[in-house]
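K.L.:
Quick one: this structure, given as structure tokens, is what I'll be asking you about.
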Amino acid sequence: MVGALANYETQAAAWELFKTNFQALLAKAGPGLGTGFPGLARFFCDEKLRDDSQQFFAAQNLAGSERPLQNAKDQVNACIGLRSLQQSKLSEYLKKSSATDGAIVSH
């Protein structure tokens, strides 16, 4: 589950699966390990999944989950900020790189 949540390509589907099966996962994990579940929200890097995970875990009222949930939110916000800062630079680099890939270099 962690691998699927950490993978950008699969995390939305994995998140829905996690929410659907949360009570069964919590029952198997037990209350001690279950309080660590909010930390899974740290893998996201967009506002929609951040907000959904924050609301979902807040509604679960897991004892001791406030700090891990806030830490996850802070990590997601940092990721969103970095992506926002770097996206245009990466796009520019990739455009330049693809333009020069097809060029023949003569000496």
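K.L.:
Checking the structure you have, find out if any residue of region 50-61 is surrounded by fewer than 13 Cβ atoms within 10 Å (Cβ to Cβ) and either in contact with a helix residue (DSSP H, G or I) (Cβ under 6 Å, 6 or more places away or on another chain) or not in a helix (DSSP H, G or I) (or both).
P.N.:
Looking through region 50-61, at least one residue is surrounded by fewer than 13 Cβ atoms within 10 Å (Cβ to Cβ) and either in contact with a helix residue (DSSP H, G or I) (Cβ under 6 Å, 6 or more places away or on another chain) or not in a helix (DSSP H, G or I) (or both).
K.L.:
Select, from Leu17, Leu33, the only residue that is modelled with pLDDT under 95, part of a helix (DSSP H, G or I) and over 24 Å from Gln87 (Cβ atoms).
P.N.:
Exactly one of Leu17, Leu33 is modelled with pLDDT under 95, part of a helix (DSSP H, G or I) and over 24 Å from Gln87 (Cβ atoms), namely Leu33.
K.L.:
OK, next. For Gln87, are the conditions met, namely being part of a helix (DSSP H, G or I) and either in contact (Cβ under 8 Å) with a residue 24 or more places away in the chain or under 20 Å from Met1 (Cβ atoms) (or both)? Lay out the reasoning, then the answer.
P.N.:
Working: part of a helix (DSSP H, G or I): yes; either in contact (Cβ under 8 Å) with a residue 24 or more places away in the chain or under 20 Å from Met1 (Cβ atoms) (or both): no.
Taking the combined requirement at face value, the residue does not satisfy it.
K.L.:
Out of the residues in region 5-63 meeting the condition of being under 15 Å from the mean Cα position of the chain (by Cα) and small (Gly, Ala, Ser), tell me which one is nearest to Asn77 (Cα to Cα). It would help to see each step written out before you state the result.
P.N.:
Taking region 5-63 first, the residues under 15 Å from the mean Cα position of the chain (by Cα) are 5-19, 37-57.
Then keep just the ones that are small (Gly, Ala, Ser); that gives 6, 12-14, 39, 41, 53.
Numbers: Ala6: 16, Ala12: 17, Ala13: 21, Ala14: 20, Gly39: 14, Ala41: 11, Ser53: 13 Å.
If we take residues in region 5-63 being under 15 Å from the mean Cα position of the chain (by Cα) and small (Gly, Ala, Ser), then Ala41 is nearest to Asn77 (Cα to Cα).
The values are calculated or read from the model by the stated rules, or taken from the named source; none is laboratory data. Keep in mind the model is a prediction, meaning the values are calculated, not measured. No Cβ is skipped: glycine too gets one built from the backbone with ideal geometry, and neighbour counts run over all protein chains shown.
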